[in-house]
1. Which shape class applies to the chain: rounded if a/c is under 1.5, otherwise prolate when a/b exceeds b/c and oblate if not, where a ≥ b ≥ c are the square roots of the Cα gyration tensor eigenvalues?
2. Take peptides 145-158, 113-126 and line them up by average Cβ neighbours within 10 Å, highest first, as a rough protection proxy.
3. Give me the Kirkwood hydrodynamic radius of segment 161-216 in Å, from all C-alpha pairs, to one decimal place?
4. When only Cα pairs under 8 Å and 6 or more residues apart are kept, what is the percent relative contact order across the chain?
5. Can you order the peptides 442-451, 196-205 by their average number of other Cβ atoms within 10 Å per residue, highest first?
6. Quick one: grab the alpha carbon gyration tensor of segment 131-174, order the square roots of its eigenvalues as a ≥ b ≥ c, and give me rounded if a/c is under 1.5, else prolate or oblate depending on whether a/b is larger than b/c.
7. Among bridges DSSP assigns within segment 61-177, what percent are antiparallel (round to 5)?
8. Would you compute, from DSSP H runs of 4+ residues alone, the mean residue ellipticity of the chain at 222 nm, taking -39500 (n - 2.57) per run and dividing by the full residue count, rounded to the nearest 500?
Ligand code: SF4
Ligand code: SF4
């Protein structure tokens, strides 16, 4: 009797990548990879790699814990997930990070842009009234939002950018990020000086895809190396916390992950690197899904192969959305990079960490981490301290000179698109975008269905009539 060539692991709902119809999907293990096997009545069978590491994939499924709920939901359940965003009462996680798009306009027209931004006449800035409503929606849902990210388009082009900063700072937002391509930061020293007056509690989320001209040309349409260097010079001068954000296309810039992490570690202002495979949504030119799609586990493997700092146990699933987010925390200390996350087992991490994507803002955790390394432990003695720490027996005092600037994090953020879509996963999505009408919508579904002009926008609009 013949056997299947794969192990049938489970069943979920996905989307047909061609027409976005919701279709049943088998999750199978085959040849070391995890795949979705889907069948669309119109477009037929589709097999999509979602992870190239079965053991890690299984680990993400073991790490689940109860989600944290927002204070309110914004839409009723009517058509089923993902057609009711949101957040509808069926969503399983609050907003760890919420994007507010200030504008559709941009001073670049990148060949890849999930927002399809540019300088066409129909692309507009949001009014201050709209932005106020969007900020208030986040606060109504979250109470004290953990992270709000001003985004776009290019948010620094908004004519009332400083008024928006004031509006945001006047609200109980714990951490405010500015998601930018860096052109304004590079060209306007005065702008950076003024931005620094909003410290602490702000961070620049700086597009930084490559150290080479070819990938920048391919992803951004321009060689931005000089711009990025100048922007970082200003950010270093004013010591404004910065995360470098790398959009990854397999075969284009995936061999630079280690070099970019090394570069980031040498920048005083840089607190971490976020690695994001391209989400197939919006403007995605010159992209062949079969060749260029990149999964979270492949990125994790590349970090391990291309850096000398991390071991497999150091890059762990983030408990709030473990199949889409992974992280490694380290300390930069006296010229060394000391990984932290591997000192804890996954379950200790899941218990210790809140449902959040950034932990530095939790004074208790920050204090614990700093205490752990406060006497220049070797990793071995640090491990012992950590065990005692977990038992609430801190051993040591925090030394002078050890600060948040010593913390360095590497994040992998893989958004769902019509290829890897898994309805079980999207319900846990915790990175959200505020719709101008006040709805809070997962980043993943916003770019597929809810952004005007997106592939599924007509489908959703027709449903609601
Ligand atoms: S993704 Fe979340 S908010 Fe959207 S329909 Fe599904 S459960 Fe509701
Ligand atoms: S990806 Fe960013 S920088 Fe590029 S066009 Fe879109 S908004 Fe502008």
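Every read-out reported here was derived from the displayed coordinates using simple, explicitly stated rules and does not represent laboratory data. Predicted, not measured: the structure shown is a model, and the values here were computed from it. Neighbour counts run over all protein chains shown; Cβ positions are idealised from the backbone, glycine included.
1. rounded
2. 145-158, 113-126
3. Computed over Cα pairs of segment 161-216, the Kirkwood hydrodynamic radius comes out at 12.7 Å.
4. 18 percent
5. So the order, starting with the most tightly packed, is 442-451, 196-205.
6. The shape class here is prolate.
7. Beta bridges within segment 61-177, antiparallel portion: roughly 10 percent.
8. Here the helix-only value at 222 nm equals -8000 deg cm²/dmol.
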